[in-house]
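Nothing in this text is a laboratory measurement; each read-out follows from the coordinates by a stated rule. Predicted model only: the values in this text are computed from it and were never measured. Neighbour counts are summed over all protein chains in view; Cβ atoms, including those assigned to glycine, are modelled from backbone coordinates with ideal geometry.
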4 protein chains.
Amino acid sequence: MEHKSAARKMKIGFIGLGIMGSRMAANLQKAGHDLVVYNRTAEKADELVKNGATLAASPEEVGRACRVVFTMLSTPQAVEDVALGQHGFLKELPGNSLWVDCSTVNPSFSKSMAQTALKMGHRFLDAPVSGSLAPAQNGQLVFLIGGSATDLDEVKPLLDVMGKAVIHVGDHGQGASMKMVNNMLFGQIMVAFSEGLRLGTSLGISEEVLCQTLMNGPGGAPFLKLKEQKLLTRDFSPEFPLEWMHKDLHLASVTAYEQGVALPLLQSAKEMFGFAKQAGLGEEDFSAVYDFINPK
Amino acid sequence: MEHKSAARKMKIGFIGLGIMGSRMAANLQKAGHDLVVYNRTAEKADELVKNGATLAASPEEVGRACRVVFTMLSTPQAVEDVALGQHGFLKELPGNSLWVDCSTVNPSFSKSMAQTALKMGHRFLDAPVSGSLAPAQNGQLVFLIGGSATDLDEVKPLLDVMGKAVIHVGDHGQGASMKMVNNMLFGQIMVAFSEGLRLGTSLGISEEVLCQTLMNGPGGAPFLKLKEQKLLTRDFSPEFPLEWMHKDLHLASVTAYEQGVALPLLQSAKEMFGFAKQAGLGEEDFSAVYDFINPK
Amino acid sequence: MEHKSAARKMKIGFIGLGIMGSRMAANLQKAGHDLVVYNRTAEKADELVKNGATLAASPEEVGRACRVVFTMLSTPQAVEDVALGQHGFLKELPGNSLWVDCSTVNPSFSKSMAQTALKMGHRFLDAPVSGSLAPAQNGQLVFLIGGSATDLDEVKPLLDVMGKAVIHVGDHGQGASMKMVNNMLFGQIMVAFSEGLRLGTSLGISEEVLCQTLMNGPGGAPFLKLKEQKLLTRDFSPEFPLEWMHKDLHLASVTAYEQGVALPLLQSAKEMFGFAKQAGLGEEDFSAVYDFINPK
Amino acid sequence: MEHKSAARKMKIGFIGLGIMGSRMAANLQKAGHDLVVYNRTAEKADELVKNGATLAASPEEVGRACRVVFTMLSTPQAVEDVALGQHGFLKELPGNSLWVDCSTVNPSFSKSMAQTALKMGHRFLDAPVSGSLAPAQNGQLVFLIGGSATDLDEVKPLLDVMGKAVIHVGDHGQGASMKMVNNMLFGQIMVAFSEGLRLGTSLGISEEVLCQTLMNGPGGAPFLKLKEQKLLTRDFSPEFPLEWMHKDLHLASVTAYEQGVALPLLQSAKEMFGFAKQAGLGEEDFSAVYDFINPK
């Protein structure tokens, strides 16, 4: 994809080289960008370093070397550590740098990071992604952006290298907000579909016929199709672990309380993932809620 | 659509000429079939009669004239009346006739009608449809069939005239079962989506951006797209009334009890439609549950 | 209890001699009343017959011999059979007789029986009881009456023999309605209490301390105390089976739908009993929902 | 009550003189104890001071003067401020003093305060109370204690002056845990009762008859009786505000997530209070959830 390499080359920091981050960084590298990378477990950077990336010994070193830093970490705590901890990168950045946080976190956490960055003379975008391993590898992620349009314009060429679409949702925190709503929708549909199959099979219809009919019908959310083999083979190897979905629904529920909105279906779905976790399915794929609702 | 007129011509009974039935019958007629039609309000048959259909004075007359009868009515009670009532068609049919019931009814009702028909020497298919006015008009319905494959083969050419797909779900009652699961999925997704937008807008994202992002994302069930304008303009003129969805979820809930399966999310969704009905939205489109969850 | 035998002696029909009915009839007998009794399994009447009751060969025979008939049966179907079946008592009663149905049934069923009785020239009271085996034996039941005050006055002395309180709830069907609301409250509190103990024990408090504190506190509904030993010893031998509670909540849910009222907590409680039944606890006491929520 | 004044007289600190605290402190004073009191709004101490209490200018001053300090505040934040803030009392206490926190807070907060106190060489009890204004005034509170039995023995005479019962629930945090479970039970029963009345009145029974029957029956939790007049007159002047109950259920829900237990009924009840708050009833008594469920 030619236009993807057309971006102006610059030195880019990338912190967090897990399943997602390593693929995203590799795509930036392939597009010709110089990377300065950091990961708590340094070996995860080996491939990138072999291809020319600089390995930083701490987040601070990333901060000293770049004006644009991406973070892709698993929890708010981890993000806070690399940004504001003893060896955090934020205090080392040259003035008016841009921090793009791709982690999935609370809207309120994103807002708080944005404020901190601004106070320290920098800029911030919350930029969580929709998509998992395969889209990360193929540059087919969807970015959900919270922050200023000007800041987004600045990194748009970089995001285009890693994703197929960039949606400017709104102000700081609203990228994170959209991600939260998105996952909440996934979780509820997964439970709804599982309950539908429970009723359908109790009435004598096969799982195969139910999947085929419903997934291809007007109620068939596209992601369900990607779970079909998992459901039919009961192989719930994790793409997005059930306990993370449970956590996301919990955070959505806490946020709903803070915002003063009552969302009963969300609560019901959350408790079903809670039951599934109690039943030992927490580390399986989130679609394993199907297994709880439809025991063999 | 040439292949659609290729079906062998035969005299076909059609009972129930409401919004759906009138369009379905018209498509059979256009394909060259002779129709004998009945409707409680006779004027609804005018157009069909003008184009050559025979108007029967009672369901009995339909029974005496045809070996294949379609019914498309709004409630189990209405179906039972035209089939088994004082002037019902079933007792008048020539031996080994085929009754195709396209109405949306309980699985247990369909099974009971199938048994009755068999005892009287006839055959039965439950054949509820997925799709509303426009697909009925354009011959784009999806038929969900319960009954024997041989019987289905016999009327397949007629169904092809009215629909774009015919799914043989399984034995008697399983067409109705699939329809029930289908509507249950719709209802739950509609509530889930509405709750998602409630949280999203409370966090400052616009309805437009939420709709565009979620409806085109992996959680975007295709039918949601068809509701977008209703949600954004708050014009909930009915395509499928909310009180019918409430009734369908209630019947699914009763069926779940009978089958001994616990389905908490279904119950939560049902109660949300219940609240919406209490708030006076029963005759609006079922997507008006959005209006209850997201008050202006 | 002297005042209890003060009632005017009369010939009384009693149909249904199960766990409850046999004790209730025995109390009427002890108070000096002549009984004509019927039970499908005749041996259940042995004790009463030994003490002077007349055993009828059919409900009809009861009808021919009495002007007041009590029924205490397990399902609406059973009530309908003895009243209106081929050998039903209703058609045999002398004009203007009084039928008192103590069975737990739907409000709509009670209303329908009342209308039928009136059409046939008789009077009807729905008179379900609050209380189980022990109160039935000790004449400590509470009667919840639907019907006219005059009719109630007529049998009040008989009810006083069997119970400690008689509450005139309102018109026909409202005794049954009150019973439904009553059981609905029990079911929900049982689940609420079980969830409370789940949270409490997860935080390290013992079941004993939780039971003692909560049951004796302002949230301690009196019936909970009666379940304490069951919970602590996990011996859920049935007083009121879980599947009956599940059925009662289901009927309350169906009635709520018919009445157009949304009751989400009822639904949640119902599904918890549903899960417990799925887990094989249907024939245990309804308090066994505790065992499902608090697995050992 | 003679035994209540039998406690050994000592100098006691009391911080937080709101609706509850002012009554509790007054009872200690009546029993002959010397009080050193502090309240952010000093006038609330006037009555106590008139009767001999010493008014401290800061929590520090309380700390310097006493070996036993009671706190009765509305939020964890407020507790933390008076204990550990710039002018907090904890650092001023003589070694091995005893802090008794009667505030309603999270179990995890109580545990954290206990640890902090221990580190600083002191002892801690969490001692939330069951009961509101009237029991506080009449010395009829119930104390739910978390901490060591020895520490409890030391202040038991003081607690006896303020309450009618002292329950040693267990270790640090378990007093707070019991309070959480207690309020969770109240909240759920209040909703269950309200739903029961909704169904009952929809079936034609009057609120009066429903209240009388259910409140005096085996499902009638004692606290419901105290709410009867509020329900019947629809005067929901606050004793315990609805938004506080909503918050307590929210905290219970968060705690359940942390403990890994799924509690669907709790969630349903929480959302009903959420709907009631959305409807503007947050500052009414928590029994106003009845008003939301049973609109006039």
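Miscellaneous remarks
- Calculated SAXS-style log₁₀ I(q)/I(0) at q = 0.18 Å⁻¹ - region A:247-296, Debye, Cα scatterers: -0.57
- Chain C: most fluctuating residue of C:Ala127, C:Ala262, C:Ala136 per GNM, C-alpha cutoff 10 Å: C:Ala262
- Per-residue mean of foreign Cβ neighbours for A:273-285 is 2 (Cβ atoms of other chains, 10 Å radius).
- Residues with amide H under 5 Å from that of A:Val166, placed H, sequence gap 5 or more: A:Phe143
- Residues in region B:263-275 carry Karplus couplings, in order, of 9, x, 5, 3, 4, 4, 5, 4, 5, 5, 5, x, 4 Hz; the curve used is 6.51 cos²θ - 1.76 cosθ + 1.60 with θ = phi - 60°, and Gly or Pro positions show x.
- Simple spin-label estimate for D:Glu228 and C:Lys30 in nanometres, 7 Å along Cα-Cβ: 3.0
- The alpha carbons of region C:100-219 stretch over 64, 29, 21 Å along the principal axes, in descending order.
- What separates the Cα centres of region D:53-119 and region A:40-108 is a distance of 41 Å.
- If you wrap the tightest convex hull around every Cα atom of chain C and split its volume per residue, you get 143 Å³.
- Largest GNM mean-square fluctuation among B:Leu73, B:Leu185, B:Leu48, using chain B with Cα springs under 10 Å: B:Leu185.
- Spatially proximal lysines relative to C:Lys277 (Cα-Cα < 16 Å; intrachain offsets below 8 disregarded): C:Lys247
- Long-range HN-HN contacts of C:Leu17 with modeled amide H, under 5 Å: C:Arg40
- A helix-only calculation puts chain C at -15500 deg cm²/dmol for mean residue ellipticity at 222 nm, using -39500 (n - 2.57) for each DSSP H run of at least four residues, averaged over all residues.
- Shielding by other protein chains, D:131-142, mean Cβ within 10 Å: 1
- Crossing angle, helix B:174-202 versus chain B [Cα axis fit, 0-90 degrees, rounded to tens]: 20
- Here the contact order of chain A, divided by its residue count and restricted to Cα pairs under 8 Å and six or more residues apart, works out to 13 percent.
- Inter-chain Cβ neighbour average for residues B:201-213, partner chain, 10 Å: 6
- Beta bridges by DSSP in the protein assembly as shown, antiparallel share as percent, to the nearest 5: 15
- Over region D:2-171, the Kirkwood radius and the radius of gyration, each from Cα atoms, give a ratio Rg/Rh of 0.92.
- Helix A:222-233 and the longest principal axis of the Cα set of chain A meet at an angle near 60°.
- Degrees separating the helix C:242-259 axis from the principal Cα axis of chain C, which is the longest one: 80
- GluC sites (Glu not before Pro) within region C:29-117: DSSP coil, no more than 12 neighbouring Cβ in 10 Å: none
- Entry note: the protein assembly as shown has Rg to Rh equal to 1.03, where both radii use alpha-carbon atoms and Rh is the Kirkwood radius.
- Between the alpha-carbon centres of region A:279-296 and region A:141-160 there is a gap of 36 Å.
- Springs join every pair of Cα atoms under 10 Å in this Gaussian network model of chain B, and among B:Thr54, B:Thr41, B:Thr104 the largest mean-square fluctuation is at B:Thr41.
- With contacts taken as Cα pairs under 8 Å and at least 6 residues apart, region D:178-293 reaches a relative contact order of 38 percent.
- In this structure, the amide hydrogen of C:Ile12, modeled 1.01 Å from its nitrogen in the peptide plane, lies closer than 5 angstrom to those of C:Asp34, C:Leu35, C:Val36, counting only residues at least 5 positions away or on a different chain.
- Over region C:2-172, relative contact order from alpha-carbon pairs under 8 Å, at least 6 apart, %: 20
- Listed values for region A:110-122 are Karplus-derived 3J(HN,Hα) couplings in whole Hz (6.51 cos²θ - 1.76 cosθ + 1.60, θ = phi - 60°), namely 4, 4, 5, 5, 4, 5, 4, 4, 4, 4, 8, x, 10, and x replaces Gly and Pro.
- Shape box of region D:178-293 [Cα atoms, principal axes, largest first, Å]: 43, 30, 23
- Antiparallel DSSP beta bridges within region C:1-148, percent to nearest 5: 15
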